[in-house]
Amino acid sequence: MSVSHDYRQIDPLLASRIRLAAMTLLATVENADFSFLREQIGASDGNLGAHMQKLAAAGYVEETKSFIKRKQNTSYTLTSRGRSALDNHLALIRAMLDPKGSA
């Protein structure tokens, strides 16, 4: 059985380097605040914020706003829908790399 390499089967939300980095980071932690994500990923505030909004709108991450010492803090958690999308994305990439399924 051969695997298609048709780009249209790739989740467009996970085709972005910043969104993929955020998703994989969130998959390794219980939750992460915006500052931690920004430092680890290396994106600017505005760029990361826009990408996180897209992930939240898709239901891939849950955004929680709180206040710490009267300063707003935003944290993110990977949702089950986001975990499933990430798992599917990684499985697709693996299948594309091993189209004959020998692994």
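What is the one condition in (1) among the hydroxyl-bearing types (Ser, Thr, Tyr); (2) surrounded by 12 or more Cβ atoms within 10 Å (Cβ to Cβ); (3) within 29 Å of Pro99 (Cβ to Cβ) that Ser35 does not satisfy?
In the conditions (1) among the hydroxyl-bearing types (Ser, Thr, Tyr); (2) surrounded by 12 or more Cβ atoms within 10 Å (Cβ to Cβ); (3) within 29 Å of Pro99 (Cβ to Cβ), Ser35 misses (3) alone.
Collect the residues in the range 91-103 that are out of contact with any His (no Cβ under 9 Å at 6 or more places or on another chain), loosely packed, with under 15 Cβ neighbours inside 10 Å and not β-branched (Val, Ile, Thr), keeping them in residue-number order.
Answer for the range 91-103, where residues must be out of contact with any His (no Cβ under 9 Å at 6 or more places or on another chain), loosely packed, with under 15 Cβ neighbours inside 10 Å and not β-branched (Val, Ile, Thr): Ala91, Arg94, Leu97, Asp98, Lys100, Gly101, Ser102, Ala103.
Mind checking which helices (runs of 4 or more DSSP H) fall wholly inside the range 23-103 and carry at least 2 residues that are in contact with a helix residue (DSSP H, G or I) (Cβ under 7 Å, 6 or more places away or on another chain) and among the small types (Gly, Ala, Ser)?
80-97
Taking interchain pairs and intrachain pairs at least six residues apart, which have beta carbon atoms under 6 angstrom, with the first residue in the range 61-84 and modelled with pLDDT of 95 or more and buried (at least 16 other Cβ atoms within 10 Å of the Cβ) and the second of a type in the set (Phe, Trp, Tyr) and in a strand (DSSP E or B)?
Taking only residues 6 or more apart or on different chains, the pairs are Val61/Tyr76.
Mind checking which residues of the range 12-26 are free of Cβ contacts under 8 Å to residues at least 60 places away in the same chain and either buried (at least 19 other Cβ atoms within 10 Å of the Cβ) or within 13 Å of Glu39 (Cα to Cα) (or both)?
The answer is Ile18, Arg19, Ala21, Ala22, Leu25, Leu26.
Search the range 43-60 for residues that are surrounded by fewer than 19 Cβ atoms within 10 Å (Cβ to Cβ) and pair each with any residue that is aromatic (Phe, Trp, Tyr) when their beta-carbon atoms are under 9 Å apart and the residues are at least 6 apart or on different chains.
Filtered contacts from the range 43-60: Asp45/Phe34; Gly49/Phe34; Lys54/Tyr60; Ala56/Tyr76.
The values are calculated or read from the model by the stated rules, or taken from the named source; none is laboratory data. The structure presented is a predicted model; accordingly, all values stated were derived computationally and were not measured. No Cβ is skipped: glycine too gets one built from the backbone with ideal geometry, and neighbour counts run over all protein chains shown.
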